[in-house]
Every structure is written in structure tokens, then in C-alpha cells.
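The structure under discussion appears below in the form of C-alpha cells.
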Amino acid sequence: MENVKEMLVILIGSSLVSNVVLSQFLGLCPFLGVSRKTNTAAGMGAAVIFVITLASGVAGVIYKFILVRFHVEYLRTIVFILVIAALVQFVEMFLRKALPSLYEALGVYLPLITTNCAVLGVAITNVQKEYGIVTGIVNGFATAVGFTVAIVILAGIREKLEYNDIPESFKGMPAVLLTAGLMAIAFCGFSGLL
């Protein structure tokens, strides 16, 4: 029962309270760049969920059974980046074949998942907090869900902003940055949950 409570706290904490984008400010490039349409944002969110969840598991296994065993923990960043790059290549090949319209819509932002600091940040956080493999996967999944929630909400707001009469100086990126800042403030309200 205690393990279930811990997992629930990690799920809520990583997705809402410590939202990777709105609290930790990691992964801002795809957050701001792909959030023009909700369909594209949801597709990016799904790709990030897949990559972060798998990367958390694979990185956890490699860290525990290879890097720690051979006392080369200092190589973790390089190894984690290689794991993430391989997973992103897999996602890119899958989307190119299965969902070409989503592949085209994501454009340059899909390969940028490789360098998305949110993905690497989760793998390193799992090691720093000494999460086990399963707990690390749960943390990775929750973090990716939090990213997806944030990017889809921003995309929905951006779609609505297109139809509003806003001052010329706030059109475009200034309105997006203000919206993201207000979302970050709103997500701070979740910190009272834990």
C-alpha cells in the first residue's frame, strides 16, 4: 500500500506540481514552437510521452546494471543522450511511415526531442533521486504527461487568441510568453496538493 501511495505522489508531483515546462522551465523550445495547433501539440506530446517513458526505463537499466557495476557513473550524461537519440530516431521512422501528416506538422521539432533538456533532465533526476527502474519509469511517464498537458493547454489558448482583438505589440510571441507565464503561475497553485 505504501508503494502505491509513493507512486501516486510521484504521478501527481511530476505531472502537475513540478511540471517540467511550467515549474522547471525545461523543454521550452518545443513547448513554444509546436503549440500553434492542438493536433500538432497532442502529437508532440504523444511522441514525448513515448520517448521519455522509454528513455527513463532504458537509462535506468543501463545505469544500474552497467554504469554502476563497472564504476563509470560519470558517463551517465553521454550514455543517456545516446539512448535518447536512438529512441527519437525510432519515433521519427515510425511517424514517417505510419503518420506522415503528423511527421510533416512536427517538422524540425521532432528531431529536437533528442536535445530536449526535459528528456535528459528526467533521466538525470531519476538517478539523483535514486529511483528504482519502475519508479523512474513512473516518474518519466508522469513528467511527459505533464509536458503534454501544458503544451495542449497552451495550443488551445493560442488557437483562441487568433480570433481575439489584441494590441499589435502583443501579437505573436509576446502574447504566447504572457500566456505561458500565467499558466506557470496557475500551476503553482498545485503545489499546495503535496
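The values are calculated or read from the model by the stated rules, or taken from the named source; none is laboratory data. All values reported here derive from a predicted model rather than from experimental measurement. So basically every Cβ, Gly included, is an ideal-geometry build from the backbone, and we count neighbours across all protein chains shown.
Values as computed for the structure displayed
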{"quantity": "Region 52-71, residues that are farther than 22 Å from residue 138 by Cα and either of a type outside the set (Lys, Arg) or part of a helix (DSSP H, G or I) (or both)", "calculated": "70, 71"}
{"quantity": "Selected residue [surrounded by 24 or more Cβ atoms within 10 Å (Cβ to Cβ), in contact with a Leu (Cβ under 6 Å, 6 or more places away or on another chain) and not hydroxyl-bearing (Ser, Thr, Tyr)] from 20, 34", "calculated": "20"}
{"quantity": "Flag for residue 178 being free of Cβ contacts under 8 Å to residues at least 24 places away in the same chain and surrounded by 10 or more Cβ atoms within 10 Å (Cβ to Cβ)", "calculated": "yes"}
{"quantity": "Flag if residue 49 is closer than 12 Å to residue 118 by Cα and either β-branched (Val, Ile, Thr) or in a helix (DSSP H, G or I) (or both)", "calculated": "yes"}
{"quantity": "Single unsatisfied condition, residue 41 versus (1) surrounded by fewer than 14 Cβ atoms within 10 Å (Cβ to Cβ); (2) part of a helix (DSSP H, G or I)", "calculated": "(1)"}
{"quantity": "Evaluation of residue 163 against (1) surrounded by fewer than 16 Cβ atoms within 10 Å (Cβ to Cβ); (2) without any contact (Cβ under 8 Å) to a residue 24 or more places away in the chain; (3) assigned to a helix (DSSP H, G or I) (one fails), failing number", "calculated": "(3)"}
{"quantity": "Qualifying residue in region 86-99 (condition: polar (S, T, N, Q) and modelled with pLDDT under 85)", "calculated": "no"}
{"quantity": "Out of 104, 130, sole residue that is at pLDDT below 90, charged (D, E, K, R) and out of contact with any helix residue (DSSP H, G or I) (no Cβ under 7 Å at 6 or more places or on another chain)", "calculated": "104"}
{"quantity": "Cβ-Cβ under 7 Å pairs, at least 6 apart or on other chains, region 113-136 side touching a residue at least 40 places away in the same chain (Cβ under 8 Å) and surrounded by fewer than 24 Cβ atoms within 10 Å (Cβ to Cβ), far side among the aliphatic types (A, V, I, L, M) and not in a helix (DSSP H, G or I)", "calculated": "117/26; 121/20; 121/26"}
{"quantity": "Scope region 151-171; condition closer than 16 Å to residue 28 by Cβ and among the small types (Gly, Ala, Ser); matching residues", "calculated": "155"}
{"quantity": "Test: residue 94 is over 21 Å from residue 133 (Cα atoms) and within 12 Å of the chain's Cα centre (by Cα)", "calculated": "no"}
{"quantity": "Exclusive hit being buried (at least 18 other Cβ atoms within 10 Å of the Cβ), assigned to a helix (DSSP H, G or I) and without any contact (Cβ under 8 Å) to a residue 60 or more places away in the chain, set 87, 82, 102", "calculated": "87"}
